[in-house]
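Everything below concerns the one structure shown next.
The values are calculated or read from the model by the stated rules, or taken from the named source; none is laboratory data. Remember, it's a predicted structure, so these values are computed and weren't measured experimentally. Positions of Cβ are generated from backbone atoms using ideal geometry, with glycine treated the same way; all protein chains shown enter the neighbour counts. Accessible surface is based on the protein model in full, side chains and every heavy atom, while ligands, DNA and RNA are left aside. Shrake-Rupley method; radii C 1.70, N 1.55, O 1.52, S 1.80 Å.
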Amino acid sequence: MKTICDIYKYGRGPSSSHTMGPEKAAIMFRDKNTDADKFVVILYGSLAKTGKGHLTDFVINEVFEKRNCEIIFDTKNTDIPHPNTMDFTAFKNGEIVDSMRILSIGGGDIHIIGEKSHPLPHIYPHTTFTEIKEYCNNKNISLYDYIKDIEPSETFDYLAFIWDKMKECIETGLKTIGTIPGSLELQRKAGHLFGQKHFDETSETKENRITCSYAFAVAEQNASAGNVVTAPTCGSAGIMPAVLLYTQKKKGFSDDDIVRALAVGGLIGNIIKANASVSGAECGCQAEVGSACSMASAALCELYEMDIEQIEYAAEIAMEHHLGLTCDPICGLVQIPCIERNAVAAMRAINAVNLSQFLRGTRRISFDTVIKTMYKTGLDMNQKYKETAEGGLATTFFE
């Protein structure tokens, strides 16, 4: 497995596969062809079907600025190597000077067809939770100790930067009002939700309200093409920061404590990415929101200094109860049901931690098993329920 830094990327929403990846590809191709006077970008698969709603064309046009750029949405061609395939072509005086086929493979990562990729090295000797748990138990160390033994010191500086950006995103989202871009004309709700205090509000109600307002803040920033942190994707970016910031404020945890939690949550995301997928286009929303919920549950367990069995149980519960979750954004926008889904999953992460604490020792399903199940379910899922806006709420909304 790669460094946990690969899970947390800071960049443009609303989709790590539809905006962050294409933006990275466009910048690379633009900088490689500085003398070109025209660019043509053809989007295929999920990028073609929901690229408008995910603002793919918007971010590509921003990269090329005022240079002549034509974007084509090809929804017919299905002979493609990946659901998020792009063809970039550069012209000079009417002649083709360069072309590339680039895949946006999820989590903000890209792959250029025909070129040797230079991915981050695999630094972890284990790839499953079972292997890691056995190693930690034999060494009598925690998951965080395991991570510290493997990751370079720069990783934890990077996680501190990531935490600052997560908090910044929540703060901005809470203060911003108005309508989210797109045909749904959806009103921002984060600030309103945060300020809705009642004289007889219970502690449980306050926890729900504040945590959900934080998740809304990030998800609304993401839907507005703002900068967010993938955790593990843009579409699920609100879950981790909502859970961690609420708990930090409630319990007084330091930023160093949060970095420790982010490390353990990142390890969980790494395991999912190595053995299954975090891409909604590949496995539906279970791979995005379900993975984020598992990560947040594990991170919260680490904050509370729960043991490795409880961390596994919480992460397993969080994913198990997202199995089969489809990705069916109305109008292809990362708004409905995506924004509310971040808030619901944030609360589910907290509940999963509580259950793992109360029911320790009764677990029958391993985290590895539920991840394998998620991946099989995603592969079996009809493509119209995987980010294409061709099924589920995306179609019944208009009936």
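List the extent of the Cα atoms of the range 4-119 along each of their three principal axes, largest first, rounded to whole Å.
Result, largest extent first: 44, 30, 28 Å.
Express in whole angstrom the spacing between the alpha-carbon centres of the range 307-330 and the range 242-284.
Between the Cα centre of the range 307-330 and that of the range 242-284, the gap is 12 Å.
Run the reach check for LYS52 against aspartates and glutamates, Cα to Cα strictly under 13 Å, same-chain hits fewer than 8 apart removed. What comes back?
Partners within reach: ASP74, GLU387.
When the Cα centres of the range 106-121 and the range 362-380 are compared, how far apart do they sit, in Å?
Each part reduced to its Cα centre gives a spacing of 27 Å.
Nearest 500 deg cm²/dmol is fine: what mean residue ellipticity at 222 nm does the chain get from its DSSP H runs of n ≥ 4 alone, each adding -39,500 (n - 2.57), divided by its residue count? Before the final figure, lay out the partial values.
On the way: 16 runs with 201 residues, N = 399.
Computed mean residue ellipticity for the chain: -16000 deg cm²/dmol.
Please get the size of the charge dipole for the chain, origin at its Cα centre, with Cβ charges of +1 on Lys and Arg and -1 on Asp and Glu, quoted in debye to the nearest 20. Each step should come with its number before you reach the end.
On the way: 40 positive and 51 negative charges, 88 e Å.
My answer is approximately 420 debye.
About its Cα centre, how strong a charge dipole does the range 1-60 have in debye, to the nearest 20, once Lys and Arg get +1 and Asp and Glu get -1 at the Cβ? If you can, show how the numbers build up before the last one.
Numbers: 9 positive and 6 negative charges, 38 e Å.
Value, rounded to 20: 180 debye.
Taking the alpha-carbon centroid of each part, what is the distance from the range 49-65 to the range 186-203 in angstrom?
The range 49-65 and the range 186-203 have Cα centres separated by 33 Å.
Only bridges whose two residues both fall in the range 1-111 count here: according to DSSP, what percent of them are antiparallel, nearest 5?
On the way: 17 of 24 bridges.
Expressed as a percentage, antiparallel bridges in the range 1-111 total about 70.
Quick check: from the Cα gyration tensor, does the chain come out rounded (a/c under 1.5), prolate or oblate?
Numbers: a/c = 1.74, a/b = 1.40, b/c = 1.24.
In terms of gyration-tensor shape, prolate.
Can you tell me how much longer the chain between ASN354 and THR205 gets when fully stretched, taken as 0.36 nm per residue apart minus their C-alpha distance, in nm with one decimal?
Values: separation 149, 0.36 × 149 = 53.64 nm, distance 1.62 nm.
In short, 52.0 nm is gained.
List the chymotrypsin sites (Phe, Trp or Tyr not before Pro) within the range 108-212 that fall in a DSSP loop (any state other than H, G, I, E or B) and whose Cβ has at most 16 other Cβ atoms within 10 Å.
Values: sites: PHE129, TYR135, TYR144, TYR146, PHE156, TYR158, PHE161, TRP163, PHE194, PHE199; in loops: PHE199.
Those that pass, being in a loop and sparsely packed, are PHE199.
Rg and Dmax of the range 144-223, using alpha carbons, in Å: what are they?
Looking at the range 144-223, its Cα Rg and Dmax stand at 17.0, 49 Å.
Of LYS197/LYS251; LYS24/LYS386; LYS2/LYS175; LYS250/LYS273, which pairs sit farther than 26 Å apart, going by alpha carbon to alpha carbon?
Details: LYS197/LYS251 20 Å; LYS24/LYS386 23 Å; LYS2/LYS175 36 Å; LYS250/LYS273 31 Å.
Pairs exceeding 26 Å: LYS2/LYS175; LYS250/LYS273.
Who wins for biggest fluctuation among LEU355, LEU323, LEU333 in a Gaussian network model of the chain, springs between alpha carbons below 10 Å?
Fluctuation is largest for LEU355.
Normalise the Cα radius of gyration of the range 263-399 by 2.2 N^0.38 Å (N = residues in it) and let me know the number.
Working: Rg = 14.9 Å, N = 137, 2.2 N^0.38 = 14.3 Å.
For the range 263-399, the normalised Cα radius of gyration comes out at 1.05.
Quick one: putting +1 on the C-beta of Lys and Arg, -1 on the C-beta of Asp and Glu, what dipole do you get for the range 83-190 around its Cα centre, in Debye to the nearest 20? Please report the intermediate quantities before stating the final value.
Values: 11 positive and 16 negative charges, 74 e Å.
For the range 83-190, the charge dipole is close to 360 debye.
Before anything else, pin down the relative contact order of the chain: Cα pairs under 8 Å, at least 6 apart, normalised by residue count, whole percent. Intermediate values should be presented prior to the final figure.
Details: 804 pairs, mean separation 76.3, N = 399.
RCO, the chain: 19 percent.
Of PHE73, PHE358, PHE39, PHE398, which has the most accessible area with a 1.4 Å probe, and how do the rest follow in descending order? If you can, show how the numbers build up before the last one.
Working: PHE73 60, PHE358 155, PHE39 0, PHE398 130 Å².
Ranked from most to least accessible, the order is PHE358, PHE398, PHE73, PHE39.
Counting only the heavy atoms of the protein chains, how much of SER203 is accessible to a 1.4 Å probe, in Å² to the nearest 10?
Approximately 80 Å² for this residue.
Roughly how many percent of the accessible protein surface of the chain is carbon and sulfur, given a 1.4 Å probe and a whole-percent answer? If you can, show how the numbers build up before the last one.
Working: 8370 of 16850 Å².
Its accessible area is 50 percent carbon and sulfur atoms.
For a quick check of your reading of the filter: which trypsin sites (Lys or Arg not before Pro) in the range 164-203 sit in a DSSP loop and have no more than 12 other Cβ atoms within 10 Å?
Numbers: sites: LYS165, LYS167, LYS175, ARG188, LYS189, LYS197; in loops: ARG188, LYS189, LYS197.
Those that pass, being in a loop and sparsely packed, are LYS197.
For the chain, give me every cysteine whose Cβ has no other Cys Cβ within less than 4.7 Å, ordered by residue number.
CYS5, CYS69, CYS136, CYS169, CYS212, CYS234, CYS283, CYS293, CYS301, CYS331, CYS338
Please report the antiparallel percentage of the DSSP beta bridges confined to the chain, to the nearest 5.
Working: 22 of 30 bridges.
Counting DSSP beta bridges with both partners in the chain, the antiparallel share is about 75 percent.
Could you pull out the trypsin sites (Lys or Arg not before Pro) across the range 311-368 that fall in loop regions by DSSP (anything but H, G, I, E, B) with no more than 10 other Cβ atoms inside 10 Å? Before the final figure, lay out each step's value.
Details: sites: ARG341, ARG348, ARG360, ARG363, ARG364; in loops: ARG360, ARG363, ARG364.
The qualifying sites are ARG364.
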